[in-house]
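Right, one structure below, let's go through it.
What follows is calculated from the coordinates using simple rules that are stated; it is not laboratory data. Values in this document were obtained by computation on a predicted structure and should not be read as measured data. For neighbour counting, all protein chains shown are included, and Cβ atoms are generated from backbone atoms with ideal geometry for every residue, glycine included.
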Amino acid sequence: MQRPARDLGHVRSLGCLLTWPIPSYAPNVFRLVVEVTSATRSDGLGPKAECYAEAGVPVCIVAEREHDEVLLYRDPVGGEYAASERFKRGRSVPVPESVGVALDLSVDTLLDGD
């Protein structure tokens, strides 16, 4: 499998920033990953989402700027996310309870950064 470009991850229980992929930490320290793609995605999200699912990260939210939508992936099984939903502008993305917080994220804010 092609490895994705390095990103940063915050592990609350450790109180530090780490680079992804993180080879020595249990997936259960990550409850949520949020990706914001560039307007023209050249490296592809596929390998990253696969890595997150493979690692058992319960929820992955992708602000897909090229397609002007937000994708919510959840429930990783066998290296893939079993469930996904698409959200368009004007809506909010409900963060699944498995993350441990009650939170709705505005699609417009995720896409625009406002």
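Using a cut-off of 13 Å between beta-carbons, work out the net charge of the residues near THR109 (Lys and Arg +1, Asp and Glu -1, THR109 not included). Value of the local net charge: -1. Note that segment 105-110 has calculated 3J(HN,Hα) couplings of 10, 5, 4, 4, 5, 4 Hz, one per residue in order, obtained from phi through the Karplus relation 6.51 cos²θ - 1.76 cosθ + 1.60 (θ = phi - 60°); glycine and proline are x.
Under the simplified labelling scheme, the SER38-ASP112 pair shows an inter-label distance of 2.3 nm, with each label point 7 Å from Cα along Cα→Cβ.
Model label sites at SER84 and ALA102, defined 7 Å from Cα along the beta-carbon direction, differ in position by 3.0 nm.
Within the shell defined by Cβ-Cβ distances under 9 Å, the residues around PRO58 carry a net charge of +1, with Lys and Arg each +1 and Asp and Glu each -1. What is the set of long-range amide H partners of GLU69 at a cut-off below 5 Å, with H atoms built 1.01 Å from backbone N? Counting only residues 5 or more places away or on other chains, the set is GLU64. For GLY79, neighbours were defined as the other residues whose beta-carbon sits under 14 Å from its Cβ, and their charges (Lys and Arg +1, Asp and Glu -1) total -3.
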